[in-house]
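Each value in this text was obtained by applying a stated rule to the coordinates, not by laboratory testing. Keep in mind it's a predicted model, so treat the numbers as computed, not measured. Note that each Cβ is placed from the backbone with ideal geometry, even for glycine, and that neighbours are counted across all protein chains shown.
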Amino acid sequence: MNDFTYRFIPGAGDRTLLLLHGTGGNENDLLPLGRAIDPDAALLSPRGRVLENGAPRFFRRLAEGIFDEKDVVARAHELANFVFAAAKKDGFNENTLVAIGYSNGANIASAMMLLGSLKFRGAILFRPMVPLSRPPDSSLENCAVLICGGRFDPIATPDQVSALAELLRDRKAEVEVRMQESGHELADADVEAARDWLAASAIA
Ligand code: MLT
């Protein structure tokens, strides 16, 4: 399983949420968030394998906001392979996955989408940035994406959020953007927005 430490919690429904934590997080961090967004979904939550001064991440960065893009590509494929193996072992359908990522976790989720390493049915990206400067021209048709940005976020700035939304829309994803009155940290309004969006969306 590519040596990922992870949690898998079976659900009552058909949907599986892939939960991807932020820098310094672990496989336990987003379980309550996933449950709050969908009480019935199965939860798959890996821990990032890159350590930055002991803090787990999903890919290397050279400095705040400056990503090692070769590593982004390699790690996106590595994480996708982990998901395929977990789908077999834990018995979920990898074609109905909804990715939920925060910060670094949102960035690896959009890298996987842009690279086509894994086709998500949907994605909820909290405080995301543009993970690749020249992503391939893949098609994201049938992929619904909710982006939740923070109006005062100095890291995942509103400009980064709009640039990512544009990249995904160019590739035919159905993108909705919500800007919260907050910084990089998650707000209660994020959880409500995600829950409502997922309940209203056509994602199986
Ligand atoms: C973070 O702190 O995780 C960053 O702002 C986002 C990233 O490095 O991917």
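Structure notes:
- Within region 1-134, the proportion of Cα pairs with more than 17 Å between them is 52 percent.
- Scattering from region 61-124 was approximated by placing one identical point on each alpha carbon and applying the Debye formula without solvent; log10 I(q)/I(0) at 0.20, 0.22, 0.23, 0.26 1/Å stands at -0.77, -0.91, -0.97, -1.16.
- Taking the convex hull of Cα positions in region 88-141, its mean projected area over all directions (nm²): 4.0 nm²
- Exposure proxy order (Cβ contacts within 10 Å, fewest to most) of R151, R35, R127: R151, R35, R127
- Candidates I100, I66, I108: whichever shows maximal mean-square fluctuation once the chain is modelled as a Gaussian network with Cα springs under 10 Å: I66
- Qualifying GluC sites (Glu not before Pro) for region 51-118 [loop in DSSP, other Cβ within 10 Å: at most 11]: E64
- Applying a length cut-off of 24 Å (Cα extent along the axis) and a mean Kyte-Doolittle floor of -0.5 to the DSSP H helices of the chain leaves 69-90.
- Beta bridge orientation in the chain: antiparallel %, DSSP, nearest 5: 25 percent
- Computed over region 28-100, the P(r) tail beyond 21 angstrom holds 38 percent of alpha carbon pairs.
- Space enclosed by the convex hull of the alpha-carbon atoms of region 65-204, per residue, Å³: 99 Å³
- Viscosity 0.890 mPa s, temperature 25 °C, Stokes-Einstein D of region 129-204 from Kirkwood C-alpha radius, µm²/s: 186 µm²/s
- Structural descriptor for the chain: relative contact order 18 percent, calculated from alpha carbon pairs under 8 angstrom and at least 6 residues apart.
- DSSP beta bridge pairing in region 60-145, given as percent antiparallel to the nearest 5: 20 percent
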